[in-house]
Amino acid sequence: MDFLVPLLAQLTNGLIIGFIYALMALGLTLIFGVLKVINFAHGEFYMLGAYISYIASRMLGLHPIIGIIAAVAVVFIIGMLMEKALLTPIYEDKVERKDEYALLITFGLSIFLMNGALVVFGPYQKSPEPLASGVLDLGVLSVSSGRIYAVVLAIIFMAATLFIINKTWLGTALRALSQDRDASTIMGINAKTLGSIAFGLGAAMAGAAGALLAPVFLVFPIMGVVPAIKSFVIIILGSMGSIKGAIYGSLLLGIVESLGVFFLSPSYRDGYSFLLLIIILLVKPKGLFGGSQWNN
Amino acid sequence: MKKVFGFMVLMFTLVGIVGCSAEDSSSEGTGSESSEEVIKIGGIGPLTPPGSPELGEELQQSMQLAIDEINADGGVLGKDLELYFEDSSGAPEKGQSAMEKLITKENVVAIAGEGHSSAALAEIEVAKRNNVPFIVAEAWSDAITEKGYEQVFRVAPNNTMFSKRIVEFVEEFGYENISIIAEDSDWGIGNVDLLKQQFEEKGIKFNSTIVSRETKDYVPQLLELTENNEPDLLLNIMTGVGAYLVVKQAHELGISPTAETAMFMGGADAAYPEIWETTGEASKYVIWQTPYSPKAKFTDLTEPMVEAFKEEFDRNPSYVALHGYDTVLILADAIERAGSTDPDEIIAALEETKLMGTRGEVTFPLEKGPDYHNWLPDLLFMQYTEIDQAPDDAEIVFPSNVATSDIVIPE
């Protein structure tokens with residue numbers, strides 16, 4: 001038992017973190033799937049979501065849940081507008097190297113948003129009003145209620161996204177786009193509008209993760225950098241653009257990290273995800289759900 | 001319509017860029033006056049990540065405050081002082097180029113600042129190579145002064161002093177089982193090594209873990225430290241976000257601060273007002289260190305400086321600001337006594353410093369070792385006893401000659 005309890009405690013914590021990674025990774029993979037664009041500003045949408053929930057709950061005095069909803073809505077709109085303003089040249093054949101253009105422009109956007117937050121909010125750490133205080137005893141581990149709420153809401157957000165993708169007309173159109181942009185345009189799908197919506201949805205998921213985690217991991221301008229890197233690792237190991245890959249990849253990452261912490265050393269925790277990535281890429285170069293796209 | 005929108009975004013971007021660059025140039029001073037009319041003082045510190053921007057900002061603000069006050073008083077050698085502050089990002093390579101810029105482009109006569117040891121260690125090399133006096137304001141690594149460069153001075157504690165005082169504290173209160181969680185910086189790792197050495201010598205039981213500053217979930221490490229082990233003191237040797245998150249997560253796990261396990265926070269962040277918004281009730285009973293508290297009377301300069309800082313920047317200064325402020329007073333005094341801005345003469349004058357600063361009478365010892373050219377301020381151990389308590393209202397628990405209260409143990 002002396003051995004089992006600490007292991008279970010580490011695993012529980014790993015799974016909790018994994019679910020939260022999943023929300024962010026799902027947004028990133030959605031954007032890649034539909035637009036074939038790697039969104040380097042994903043971490044900054046996470047940061048924007050956190051700041052919006054902070055403004056709503058601390059500055060405007062609204063209920064924290066309204067802060068989270070506001071964060072999702074506002075980041076969705078910002079995401080759509082950014083896509084329209086910055087990524088349109090790709091589809092209008094105005095740029096020669098489309099992939100490089102998208103890479104550079106989202107990278108620039110990331111730096112701009114980070115420094116913008118530094119100018120507007122200053123470097124100090126903030127925290128929105130938490131949804132709940134206190135801790136919940138799970139037997140092997142006592143977990144803050146904040147984390148539990150974050151996980152539950154993250155699962156709800158993910159379920160809503162999966163529902164939209166699999167069961168609605170919008171989702172069908174998005175899946176069609178991800179498979180063949182030209183063919184679906186011929187079939188009457190408005191690729192430009194749907195592209196914006198997909199980008200907005202992906203950004204909103206990062207925003208939701210940011211708003212949910214803001215009271216747990218605090219709000220500051222560079223908060224998005226590490227979660228964004230984790231998301232990249234997850235979608236690469238789960239196959240870029242694969243939804244299943246994003247979800248399973250996140251949980252796998254959470255579990256591997258906690259096993260590494262338990263059996264090896266907690267000091268190298270962030271290294272284990274990269275070790276896992278290297279191994280998976282060596283064994284399955286296309287990722288865990290290699291090649292397959294949206295229908296899985 | 002689409003074009004108009006794209007244009008608007010472009011304009012916003014441009015406004016953003018212009019806004020940023022305008023701010024840059026103001027922070028570097030006007031630069032239009034000729035070097036004959038002003039004495040240029042260089043400032044350096046982290047204004048952007050991976051360094052701690054709040055630390056750099058406080059250094060810049062407090063140095064500017066001291067310069068404004070000195071100028072209002074007639075300046076130095078009949079000339080005004082002017083501050084040229086450069087961003088080091090707390091990173092060695094950026095710190096080095098910032099130093100080069102201050103020395104070769106701005107032609108400053110002396111430099112002060114920096115709050116990260118890894119950056120400071122790179123910067124002292126530039127100061128030595130170019131023979132420019134450099135007072136380190138807030139970086140604690142022993143090596144900075146131990147190298148024995150005659151250009152390099154320091155007004156902050158060094159690691160040896162910090163860890164010695166922690167061990168004194170541990171012995172005074174009879175703690176017997178210590179856990180250490182420390183960040184992977186020169187400051188964090190350096191302190192763990194020094195603490196280990198002293199705990200081993202004294203036969204005090206301990207375990208320790210080094211964590212990445214990038215991580216935000218310290219639950220695994222905290223669980224590991226307390227696995228089949230109940231320490232009576234947890235040393236949180238972290239800065240910035242990490243320092244707050246360790247407090248918050250240790251509290252959530254029910255590890256510390258509790259009746260069984262006290263928590264000591266090593267970073268300056270314990271004294272920032274953000275601590276209550278970010279950690280809430282978790283910081284009640286946390287013990288932390290600071291070279292300054294209004295409850296401990298240091299000198300007649302302390303209170304006016306604190307009031308002026310609050311007036312100017314609408315924020316309570318932490319001790320970083322006192323360090324930054326003092327560096328300028330010390331430089332101004334040395335230049336005045338040297339009667340020139342020649343580096344060798346300023347260095348000679350600095351070595352003879354005997355000046356009342358905001359925390360005591362500053363002198364620079366000349367014996368080689370970690371304390372060479374290093375004026376060591378007092379270190380106070382404080383404890384928060386109420387939620388939302390202002391750092392100034394916290395009780396001093398150690399050292400006993402200035403203590404205002406015993407350590408309060410949670411129920």
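The values are calculated or read from the model by the stated rules, or taken from the named source; none is laboratory data. Everything quoted here is computed from the prediction, not taken from an experiment. Heads up, the Cβs are rebuilt from the backbone with ideal geometry, glycines too, and the neighbour counts pull from every protein chain shown.
Can you tell which of A:194, A:213 is out of contact with any Lys or Arg (no Cβ under 7 Å at 6 or more places or on another chain), in contact (Cβ under 8 Å) with a residue 24 or more places away in the chain and more than 20 Å from residue A:110 (Cα to Cα)? Talk me through it step by step, then tell me what you get.
Values: A:213 fails: more than 20 Å from residue A:110 (Cα to Cα).
Only one candidate qualifies: A:194.
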(message) Checking residue A:59 against (1) in contact with a Pro (Cβ under 8 Å, 6 or more places away or on another chain); (2) within 14 Å of chain B (Cβ to nearest Cβ), only one condition comes out false. Which one?
(response) (1)
(request) Look at the range B:180-192 and say how many of its residues are part of a helix (DSSP H, G or I) and either within 14 Å of another protein chain (Cβ to nearest Cβ) or free of Cβ contacts under 8 Å to residues at least 40 places away in the same chain (or both). (result) 3
(message) What's the total number of residues in the range B:266-285 that are surrounded by 22 or more Cβ atoms within 10 Å (Cβ to Cβ) and either under 14 Å from residue B:396 (Cβ atoms) or within 14 Å of chain A (Cβ to nearest Cβ) (or both)?
(response) 11
(message) Please determine whether any residue of the range B:306-314 is crowded, with 23+ Cβ neighbours inside 10 Å, within 14 Å of chain A (Cβ to nearest Cβ) and not charged (D, E, K, R).
(response) no
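Can you find even one residue in the range A:55-73 that is among the small types (Gly, Ala, Ser) and within 15 Å of the chain's Cα centre (by Cα)?
At the first step, the residues of the range A:55-73 found to be among the small types (Gly, Ala, Ser) are A:56-57, A:61, A:67, A:70-71, A:73.
In the following step, the residues that additionally are within 15 Å of the chain's Cα centre (by Cα) were identified as A:71.
There is at least one residue in the range A:55-73 that is among the small types (Gly, Ala, Ser) and within 15 Å of the chain's Cα centre (by Cα).
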(message) Of all residues being of a type in the set (Val, Ile, Thr) and in a strand (DSSP E or B) in the range B:135-174, which is nearest to residue B:52 (Cα to Cα)? Just the residue, please.
(response) B:136
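Taking the criterion of being within 14 Å of another protein chain (Cβ to nearest Cβ), touching a residue at least 24 places away in the same chain (Cβ under 8 Å), buried (at least 20 other Cβ atoms within 10 Å of the Cβ) and under 24 Å from residue B:254 (Cβ atoms), would at least one residue in the range B:193-213 satisfy it?
Going residue by residue through the range B:193-213, those that are within 14 Å of another protein chain (Cβ to nearest Cβ) are B:207-213.
With the extra rule that they be touching a residue at least 24 places away in the same chain (Cβ under 8 Å), the set shrinks to B:207-213.
Now restrict to residues that are buried (at least 20 other Cβ atoms within 10 Å of the Cβ): B:211.
Now restrict to residues that are under 24 Å from residue B:254 (Cβ atoms): B:211.
Within the range B:193-213 (the criterion being within 14 Å of another protein chain (Cβ to nearest Cβ), touching a residue at least 24 places away in the same chain (Cβ under 8 Å), buried (at least 20 other Cβ atoms within 10 Å of the Cβ) and under 24 Å from residue B:254 (Cβ atoms)), the answer is yes, since at least one residue qualifies.
Given the condition hydrophobic (A, V, I, L, M, F, W, C) and free of Cβ contacts under 8 Å to residues at least 12 places away in the same chain, answer yes or no: does some residue in the range A:232-241 qualify?
Filtering the range A:232-241 for residues hydrophobic (A, V, I, L, M, F, W, C) gives A:232-237, A:240.
Next, from what is left, pick out any that are free of Cβ contacts under 8 Å to residues at least 12 places away in the same chain: none.
No, every residue in the range A:232-241 fails to be hydrophobic (A, V, I, L, M, F, W, C) and free of Cβ contacts under 8 Å to residues at least 12 places away in the same chain.
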(message) Here is a check on your reading of the model: is residue B:223 of a type in the set (A, V, I, L, M, F, W, C), more than 24 Å from the chain's Cα centre (by Cα), crowded, with 18+ Cβ neighbours inside 10 Å and within 12 Å of chain A (Cβ to nearest Cβ)?
(response) yes
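Return the only residue of A:276, A:264 being in contact with an Asp or Glu (Cβ under 9 Å, 6 or more places away or on another chain), over 30 Å from residue A:64 (Cβ atoms) and aliphatic (A, V, I, L, M). Break it down into steps so the answer makes sense when it comes.
On the way: A:264 fails: in contact with an Asp or Glu (Cβ under 9 Å, 6 or more places away or on another chain).
So the residue among A:276, A:264 that is in contact with an Asp or Glu (Cβ under 9 Å, 6 or more places away or on another chain), over 30 Å from residue A:64 (Cβ atoms) and aliphatic (A, V, I, L, M) is A:276.
Residues are listed down the side, and each one gets a yes or a no for (1) modelled with pLDDT of 90 or more; (2) in contact with a Gly (Cβ under 8 Å, 6 or more places away or on another chain); (3) crowded, with 19+ Cβ neighbours inside 10 Å:
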site: B:243; (1), (2), (3): yes, yes, yes
site: B:255; (1), (2), (3): yes, no, yes
site: B:296; (1), (2), (3): no, no, yes
site: B:321; (1), (2), (3): yes, no, yes
site: B:331; (1), (2), (3): yes, no, yes
site: B:337; (1), (2), (3): yes, no, no
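Would you list the helices (runs of 4 or more DSSP H) that sit entirely within the range A:105-215 and hold 2 or more residues that are within 14 Å of chain B (Cβ to nearest Cβ)?
Working: elements: A:145-167, A:169-179, A:181-186.
So the answer is A:145-167.
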(message) Can you tell me which condition residue A:90 does not meet? The list is (1) over 18 Å from residue A:221 (Cα atoms); (2) more than 14 Å from chain B (Cβ to nearest Cβ), and all the others hold.
(response) (2)
(request) Could you figure out which of (1) touching a residue at least 12 places away in the same chain (Cβ under 8 Å); (2) closer than 27 Å to residue A:149 by Cα; (3) of a type in the set (D, E, K, R) isn't true of residue A:167? (result) (1)
(request) Output the residue which, of all residues in the range B:226-265 that are farther than 26 Å from residue B:157 by Cα and of a type in the set (A, V, I, L, M, F, W, C), is farthest from the other protein chains (Cβ to nearest Cβ). (result) B:259
(request) Name, by its number, the condition in (1) away from chain B (no Cβ under 14 Å); (2) more than 28 Å from residue A:128 (Cα to Cα); (3) at pLDDT 85 or above that does not hold for residue A:251. (result) (2)
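Has the range A:74-83 got any residue that is modelled with pLDDT of 90 or more, within 11 Å of another protein chain (Cβ to nearest Cβ) and buried (at least 21 other Cβ atoms within 10 Å of the Cβ)?
Filtering the range A:74-83 down to residues modelled with pLDDT of 90 or more leaves A:74-83.
Imposing the further condition that a residue be within 11 Å of another protein chain (Cβ to nearest Cβ) reduces the set to A:81-82.
From what's left, buried (at least 21 other Cβ atoms within 10 Å of the Cβ): A:82.
Yes, that holds for at least one residue.
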(request) Identify, by number, the condition in (1) surrounded by 14 or more Cβ atoms within 10 Å (Cβ to Cβ); (2) polar (S, T, N, Q); (3) over 29 Å from residue A:11 (Cβ atoms) that residue A:166 doesn't meet. (result) (1)
